[in-house]
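The values are calculated or read from the model by the stated rules, or taken from the named source; none is laboratory data. Keep in mind that this is a model prediction, so the values were computed, not measured. Cβ sites come from the backbone with ideal geometry, for glycine too, and all protein chains shown count toward neighbours. Each accessible area value is taken on the protein alone, full model and side chains, heavy atoms only, with ligands, DNA and RNA left out. Shrake-Rupley method; radii C 1.70, N 1.55, O 1.52, S 1.80 Å.
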Amino acid sequence: LAEAAPIERKWHGPAYRFPTQIPMAIQRTPYPLTQIDDHNIDLLHANHQDWIPDVGTGDPVCALVVAGDVVSVCFSATMSDIAFEAGVDTLEPHRQRGYAVAVVAFWAQAVRDLGYQPLYSTSTDNLASQATAAKLGLIPIGDDFHIT
């Protein structure tokens, strides 16, 4: 490949599917979970402005809200005719509280409600994301490998 163009980046990591029954992780947080659309997009302005372009194109965009601010968000990073893949981000001060688990579970149920298969993948070195997958009981289905 390097003969055709320089290799700038290699990335790989596990890919998962959700179990038939999506865990009820969304019940473990006292904070509201919501889908973001044109009516409440202003929730993203304070901490997640980079995610605003995904509303309408990466739907469902789901958020966990603490004290009026979105602290964890999950959207459809990749979509096909049968499956959507999650992209998730939790603000640094709000990590390790189960928020990513809750918002990903909420997103996965929203994807299922639309008639698609929710998928999740992460990089090999992202141990926090792998822990989220484990807490959700996700089922390994392969390994993603990208070369750019």
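Mind running the shape call on the stretch 16-91? Use the C-alpha gyration tensor, a ≥ b ≥ c as the square roots of the eigenvalues: rounded below 1.5 for a/c, prolate if a/b tops b/c, oblate otherwise.
oblate
Per residue, the solvent-accessible area of the chain (1.4 Å probe, heavy atoms of protein chains only, all protein chains present) comes to 57 Å². If you plug the beta carbon distance of residue 67 and residue 20 into 1/(1 + (r/R0)^6) with R0 = 25 Å, you get a FRET efficiency near 0.10. Determine the sum of side-chain charges near residue 17: Lys and Arg each +1, Asp and Glu each -1, restricted to other residues whose C-beta is under 14 angstrom from that of residue 17. Net local charge, residue 17 excluded: -2. Built from the Cα atoms of the stretch 9-56, the convex hull projects on average onto 6.2 nm², one quarter of its surface area. Sequence-ordered 3J(HN,Hα) estimates for the stretch 114-122 from the Karplus curve with 6.51, -1.76 and 1.60 and θ = phi - 60° stand at 7, x, 10, 8, x, 10, 8, 9, 7 Hz, glycine and proline given as x.
With +1 on each Lys and Arg Cβ and -1 on each Asp and Glu Cβ, and nothing else charged, work out how big the dipole of the chain is about its Cα centre, in Debye to the nearest 20.
Charge dipole of the chain: 660 debye, to the nearest 20.
Annotation note: trypsin sites (Lys or Arg not before Pro) in the stretch 1-99 located in DSSP loop regions with a Cβ neighbour count of at most 11 within 10 Å are 9.
As a calculated quantity, the FRET efficiency between residue 34 and residue 141 at R0 = 25 Å, using C-beta atoms, amounts to about 0.30. Between the stretch 33-83 and the stretch 5-26, the C-alpha centres lie 19 angstrom from each other.
Got the relative contact order for the stretch 84-140 handy, in percent, Cα pairs under 8 Å and 6 or more residues apart?
In percent, rounded to a whole number, it is 42.
Expressed as a whole percent, the accessible area of the stretch 21-148 that falls on carbon and sulfur atoms is 52 (1.4 Å probe). Projecting the alpha carbon convex hull of the chain along each direction and taking the average yields 9.8 nm². Largest mean-square fluctuation among 109, 117, 96, in a Gaussian network model of the chain whose springs join Cα atoms under 10 Å apart, belongs to 96.
Between residue 57 and residue 81, the simple label model (points 7 Å from Cα in the Cβ direction) yields a spacing of 2.3 nm.
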